[in-house]
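The values are calculated or read from the model by the stated rules, or taken from the named source; none is laboratory data. Predicted model only: the values in this text are computed from it and were never measured. Backbone-built Cβ (ideal geometry, glycine too); neighbour counts: all protein chains shown. Protein only, heavy atoms only, side chains kept; ligands, DNA and RNA dropped before computing areas. Shrake-Rupley method; radii C 1.70, N 1.55, O 1.52, S 1.80 Å.
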Amino acid sequence: AATTDPELDPAGFVEFNNILFLAHGRFLSYALGSGGPNWAEDKDFGTGVTIKDLIVHNNELVVAMGGSTNKIWTRNTGGTYTQATNNTYADYFAKVEARLWRATATNEVSNIGPTDNPLTLANWSSGITVGDDDVPITDLNSYGEQVAVSKEDGLFLGDLGAVFPNVLPEVALQRDAANGVGTLSIGSRIFYPYKDGLKIYDNGVSDEVGIATRFQSA
């Protein structure tokens with residue numbers, strides 16, 4: 001499956017140590033050569049595991065498994081994988097300046113410093129609840145000096161001050177489990193997918209792309 005099905009539950013691509021890695025399903029694979037989409041398995045994390053996210057931090061590849069059962073893994077430049085021994089979990093990652101943020105416990109975020117080991121629970125800050133504590137986080141991105149937290153009911157921008165306003169409050173009226181999944185931050189813009197289309201947030205201004213520009217949800 002690792003070499004023949006790279007589209008299996010893809011969590012994304014990351015370049016690490018001059019190698020392009022792909023997380024798909026329970027596998028982490030790397031690109032072979034430069035001539036086409038050929039992949040070789042680097043790590044099989046086992047039955048029942050699906051990689052949720054991956055990111056580079058402190059010259060290591062950090063892999064999130066989601067939930068509170070499968071702990072964070074790291075891979076160093078020599079190819080050695082290490083799993084957290086502490087109860088250290090993550091659903092999504094984002095890098096804001098030099099700090100690494102994680103989403104965990106369904107509705108909380110926390111962060112570590114630029115040289116902190118993400119496998120050590122004590123390195124992470126206390127959890128910060130974002131918005132309604134009953135509404136799950138669906139993605140995490142960096143947005144300049146802020147962390148952008150996508151949830152089923154909107155987009156929340158915050159920082160170390162732990163203030164997270166919802167900059168797309170209108171989405172709360174159309175809450176859905178797919179809202180915010182696959183959010184993309186590029187420059188001054190954040191592209192937030194939701195059930196009726198796509199929201200674009202740009203420095204305090206939001207716009208609409210998709211079916212909701214002409215039709216309202218039932």
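Taking residues in segment 198-216 that are exposed (fewer than 13 other Cβ atoms within 10 Å of the Cβ), and partners anywhere that are at pLDDT 90 or above and of a type in the set (S, T, N, Q), the pairs with Cβ atoms closer than 6 Å and at least 6 places apart or on different chains are Asp202/Ser188; Asn203/Ser188. Limited to segment 187-202, what total is found for residues that are assigned to a loop (DSSP other than H, G, I, E, B) and basic (Lys, Arg)? Number of matching residues: 1.
Residues that are in a loop (DSSP other than H, G, I, E, B), over 20 Å from Val56 (Cβ atoms) and not aliphatic (A, V, I, L, M) within segment 126-164 comprise Ser126, Gly127, Gly131, Asp132, Asp133, Asp134, Pro136, Glu152, Asp153, Asp159, Gly161, Phe164, listed in sequence order.
At least 3 residues being farther than 24 Å from Val181 by Cβ and touching a residue at least 24 places away in the same chain (Cβ under 8 Å) is the threshold, and among the strands (runs of 3 or more DSSP E) wholly inside segment 9-66 those reaching it are 39-44. Val63 falls short on exactly one of the conditions (1) within 16 Å of Leu140 (Cα to Cα); (2) surrounded by fewer than 19 Cβ atoms within 10 Å (Cβ to Cβ), and that condition is (2). Selection within segment 165-186: residues that are assigned to a strand (DSSP E or B) and free of Cβ contacts under 8 Å to residues at least 40 places away in the same chain. The member of this set that is least open to solvent (accessible area, probe 1.4 Å) is Asn166. Picking from residues in segment 67-77 that are open to solvent by less than 40 Å² (accessible area, probe 1.4 Å) and not in a loop (DSSP other than H, G, I, E, B), the one that is farthest from Ser142 (Cα to Cα) is Arg75.
Considering (1) farther than 20 Å from Thr129 by Cα; (2) assigned to a strand (DSSP E or B); (3) of a type in the set (S, T, N, Q); (4) in contact (Cβ under 8 Å) with a residue 40 or more places away in the chain, the lone condition that Thr115 does not fulfil carries the number (2).
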